[in-house]
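Notes follow the structure.
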Amino acid sequence: MVVVISVEEHRATVTELLGTRPAVELPLADCAGLVLAEDVRAGVSLPPFDNSAMDGYAVRAVDVAGASEETPVELPVAEDIPAGRTDVPALLPGTAHRIMTGAPVPPGADSVVVVERTDRGAERVRVFGPAEPGAHIRRTGEDVASGSAALASGIVLGPAQLGLASAVGLDRLPVHAPPRVLVVSTGTELVLPPNPLRHGQIYESNSVMLVAALRALGCQVESVRSVADDVEQFRASVEPKLAQADLLVTSGGVSAGAYEVVKDSLADVGVSFAKVAMQPGGPQGCGRWNGVPVVTLPGNPVSVLVSFEAFLRPALLTSLGHTDVERQRVRARLTETLRSPKGKRQFRRGYYTHAQGQVTGVVGPRGGPGSHLLAAFTQANCLIVIEEDVTEVERDAEVDVLLF
């Protein structure tokens, strides 16, 4: 008896199977796009010292209090302080230090006069206006205080977050480790480009799509692109590679035919198979083989992509620590009537537009519902969702749309 389950049930099973990836420390250069696994505290203050926000002259505000365009105050320039200087002498009353942006403010100075308000003198400088105490000085720790939380667990590490980590003295961060995924495409009919095709053969494409989709999520991927419909060959090609994988993803060989190599190979080792109430992508499976999580997908290319969107993508993002794992869902008006099989959730490729001033966008199908029509997917920017209890949606009716 064929077990029929809902999309939500299978997604929950796959998500539970993948769990949460363990935390590992990686160099900052390898952390972009990953999720921080633990809170990170600053080892130093940012800025780590009082420094100048402008090119100009470090002074005591009291020494230039009476300065104006008509009656400038002239001060001797005692020191030059470029950025990076570490031996900064104290400022004596009645003197100025020429200072550059980012350079340490000398002890005794309480203000910086911007260079545009001076005559730019090198040995003596004339100041053409008063200075407020604290003007143009960046205070120690005003951005981040030493010992405070610099980055919170669960954030996605982008350029700003990685820059902050480096700025507070870190060269590595704890992140959820990207999984090593083994992708296997099955089918005796498969041929690898650019080898010539014989009658009855097709070029293999499923692994190419899956590798691209998985790498876009940060996964490390190895693929076995063409395994014949033979149980012994399947096991011999795949089992030795399992020890180096955190996840096995297969395509093909999971339906109800006579040559279902994935089902025949894995049904007795811990992988369960079911029919999901959806179109395309009904035949699905998941479980463990030698302790390694396994997710099996159908063989038709559109079924592969829809199954990835419905199950693998959200489960993998969850395992990597992401909290926002859903595609953006919007409502849109249909440009033509669509029909869907009773009892199945249909995912149709579509193209969504939302003109300025419109309350609701519009969406039209791209290609028919067939799971072999890959070219139409290249023209789509969304999936149109027709629920299980709906068999027809008329033109101009509103539907849910998942945007890529």
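Below are the figures for this structure:
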item	result
Calculated [θ] (222 nm, deg cm²/dmol) that DSSP helices of n ≥ 4 give over the chain, each run adding -39,500 (n - 2.57)	-4000 deg cm²/dmol
Cα-based shape type of region 275-335, given that a ≥ b ≥ c are square roots of the gyration tensor eigenvalues and the cut on a/c is 1.5	oblate
Length gained when the stretch PHE49-TYR203 is fully extended (0.36 nm per residue, less Cα-Cα span)	49.2 nm
THR323-GLU116 FRET efficiency (beta carbon distance; Förster radius 41 Å; 0.05 resolution)	0.30
Exposure proxy ranking, count of Cβ atoms within 10 Å, fewest first, for GLU38, GLU189	GLU38, GLU189
Cα-based Rg of the chain normalised by 2.2 N^0.38 Å, two decimals	1.47
Phi to ³J(HN,Hα) by Karplus 6.51 cos²θ - 1.76 cosθ + 1.60 over region 210-224, Hz, x for Gly, Pro	5, 4, 5, 5, 5, 5, 5, 8, x, 6, 8, 10, 10, 10, 10
Stretch gain in nm, segment GLU25-VAL269, where the contour uses 0.36 nm per residue and the Cα spacing is subtracted	84.5 nm
Cβ-based exposure ranking for TYR352, TYR259, in which fewest neighbours within 10 Å come first	TYR259, TYR352
Pairwise label distance in nanometres, THR378 with ALA212, each label 7 Å out on the Cα-Cβ vector	0.9 nm
For region 143-293, share of DSSP beta bridges that run antiparallel, in % to the nearest 5	35 percent
Beta bridges by DSSP in the chain, antiparallel share as percent, to the nearest 5	65 percent
Sequence-separation-based contact order of region 51-138, relative, with Cα cut under 8 Å and 6+ spacing, percent	44 percent
Convex hull volume of region 162-270 per residue (C-alpha atoms, cubic angstrom)	138 Å³
Region 328-403: C-alpha gyration tensor shape, a/c 1.5 cut-off, then a/b vs b/c	oblate
For region 328-403, share of DSSP beta bridges that run antiparallel, in % to the nearest 5	90 percent
Distance-filtered residues of region 102-143 - backbone nitrogen under 17 Å, label point 7 angstrom along ALA61 Cα→Cβ	105-114, 128-140
Ordering of 377-386, 98-107, 267-276, 76-85 by packing [mean C-beta count within 10 Å, highest first]	98-107, 377-386, 267-276, 76-85
Region 304-359-region 91-105 distance, computed between alpha-carbon centres (Å)	60 Å
Estimated Rh, region 51-138: Kirkwood, alpha-carbon pairs, angstrom	12.2 Å
Cα-projected label distance for GLU222 with GLU142, points at 7 Å along beta-carbon direction, nm	5.4 nm
Cα convex hull of region 92-184 - mean projected area over all directions, nm²	10.4 nm²
Relative contact order for the chain, counting Cα pairs under 8 Å that sit 6 or more residues apart, in percent	17 percent
Cβ-based exposure ranking for GLU239, GLU123, in which fewest neighbours within 10 Å come first	GLU123, GLU239
Packing-based order for 125-132, 297-304, 336-343, using average beta carbon neighbours within 10 Å, highest first	297-304, 125-132, 336-343
Listed peptides 147-154, 197-204 by packing density, highest first (mean Cβ within 10 Å)	147-154, 197-204
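Read the figures in this text as sums done on the coordinates, not as results from a lab. Remember, predicted model here, so these are calculated numbers, not experimental data. All Cβ positions, even for glycine, are placed from backbone atoms using ideal geometry, and neighbour counts span all protein chains on display.
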